Amino acid sequence: MVDRSFADPSLAALYDTLNPWGPGDDFCLGLVMSAGSVLDVGCGTGRLLGRARQEGHRGRLMGLDPAAAMLAQARAHEPDVQWVLGDLRARTWHGEFELAVMTGHAFQVLLGDEELRLALRAVRAALVPGGRFVFETRNPGARAWETWTPDRVREIPDGRGGVVRMWHEVESVSPAGDRVTFTETFDGALWERPQVDRTTLRFLDTDTLDGFLGEAGFVVVERYGDWGRGVLAPGCPEIVTVAEAVGH
């Protein structure tokens with residue numbers, strides 16, 4: 001199921017304001033610009049591939065996302081990219097891309113083991129031998145969810161002269177600490193009542209990640225604890241992974 005914050009056009013229109021271009025986008029853009037063909041899984045509003053096209057990338061760029069409202073934003077901003085509605089099951093893949101990326105912590109919505117295996121096998125099938133898959137997950141050791149509290153309210157312009165207030169609240173953490181369910185609430189003049197989206201994310205450590213990647217035919221070639229290519233340490237905010245497709 002697509003999260004409400006991605007499926008609702010009024011919320012999708014706010015996504016880039018809530019998540020401005022940052023170091024992670026710069027990191028991925030450099031890789032995209034050096035690859036001849038790129039698949040962006042969970043492309044959202046499409047700003048990564050859109051920026052690549054605007055900066056002169058002339059190869060094949062495909063953005064895949066299950067949220068029609070997000071793809072509407074992508075198509076409006078950059079029509080010269082192949083935008084596809086759906087998830088990795090939307091088609092059969094035949095080694096068409098040199099690079100696959102999965103940004104915005106989208107990897108963490110893959111909650112079940114089999115769901116994760118299917119997704120990774122599909123990404124592997126989409127890549128040429130030696131192709132690379134780049135994604136990030138929040139480091140469970142940093143326990144980011146402990147800061148997702150209602151007192152931490154963000155305010156952003158609503159595009160109509162008003163303000164949207166947004167906050168998070170954790171509902172539950174699994175006994176193993178690897179799944180966190182929380183709400184994201186939006187409040188402002190755009191809606192008659194606050195809009196509440198409920199999400200569950202999976203937090204995986206590097207050993208578990210590497211096990212799944214190995215099963216799918218990947219080997220990790222680079223790993224960082226932040227977008228500045230810092231060494232991964234227990235308290236680092238991210239687990240940034242660059243994996244290479246091997247074999248078939």
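The values are calculated or read from the model by the stated rules, or taken from the named source; none is laboratory data. All of these numbers come straight from a predicted model, not from anything done at the bench. Virtual Cβ from ideal backbone geometry, glycine too; neighbours counted across all protein chains shown. Side chains are part of the model used for accessible areas, which takes the heavy atoms of the whole protein and leaves out ligands, DNA and RNA. Shrake-Rupley method; radii C 1.70, N 1.55, O 1.52, S 1.80 Å.
Here is a check on your reading of the model: is ALA90 among the hydrophobic types (A, V, I, L, M, F, W, C), within 29 Å of ARG179 (Cβ to Cβ) and either touching a Gly at 6+ places or on another chain (Cβ under 9 Å) or surrounded by fewer than 18 Cβ atoms within 10 Å (Cβ to Cβ) (or both)? For ALA90, the condition - among the hydrophobic types (A, V, I, L, M, F, W, C), within 29 Å of ARG179 (Cβ to Cβ) and either touching a Gly at 6+ places or on another chain (Cβ under 9 Å) or surrounded by fewer than 18 Cβ atoms within 10 Å (Cβ to Cβ) (or both) - is met.
If the condition is being farther than 20 Å from THR103 by Cβ and open to solvent by 50 Å² or more (accessible area, probe 1.4 Å), then the range 122-140 contributes only PRO129.
Quickly run through the range 71-91 and pick out the residues that are under 16 Å from the mean Cα position of the chain (by Cα) and assigned to a loop (DSSP other than H, G, I, E, B). The answer is GLY86, ASP87. Kindly indicate whether VAL231 is in contact (Cβ under 8 Å) with a residue 24 or more places away in the chain and of a type in the set (Val, Ile, Thr). In short, no.
Looking across the range 172-192, the residues that are under 22 Å from the mean Cα position of the chain (by Cα), assigned to a strand (DSSP E or B) and either within 15 Å of THR17 (Cα to Cα) or not polar (S, T, N, Q) (or both) come down to VAL173, ARG179, VAL180, PHE182, GLU184, PHE186. Being under 18 Å from the mean Cα position of the chain (by Cα) and open to solvent by less than 50 Å² (accessible area, probe 1.4 Å) is a property that LEU201 has. When the range 225-239 is filtered for residues that are of a type in the set (A, V, I, L, M) and either outside any loop (DSSP other than H, G, I, E, B) or over 8 Å from ASN139 (Cβ atoms) (or both), the ones remaining, listed by number, are VAL231, ALA233, ILE239.
Taking the numbered list (1) in contact with a strand residue (DSSP E or B) (Cβ under 9 Å, 6 or more places away or on another chain); (2) farther than 22 Å from GLY30 by Cβ; (3) surrounded by 13 or more Cβ atoms within 10 Å (Cβ to Cβ) in turn, GLU98 passes all entries but (2). For the range 209-224, filtering for residues that are open to solvent by less than 50 Å² (accessible area, probe 1.4 Å) and either in a helix (DSSP H, G or I) or under 30 Å from GLU155 (Cβ atoms) (or both) leaves 6.
Within the bounds of the range 167-182, is there any residue that is of a type in the set (Gly, Ala, Ser), farther than 29 Å from LEU118 by Cβ and open to solvent by less than 40 Å² (accessible area, probe 1.4 Å)? No: zero hits. Going through (1) surrounded by fewer than 18 Cβ atoms within 10 Å (Cβ to Cβ); (2) within 18 Å of the chain's Cα centre (by Cα); (3) of a type in the set (D, E, K, R) one by one, ARG60 falls short only on (2).
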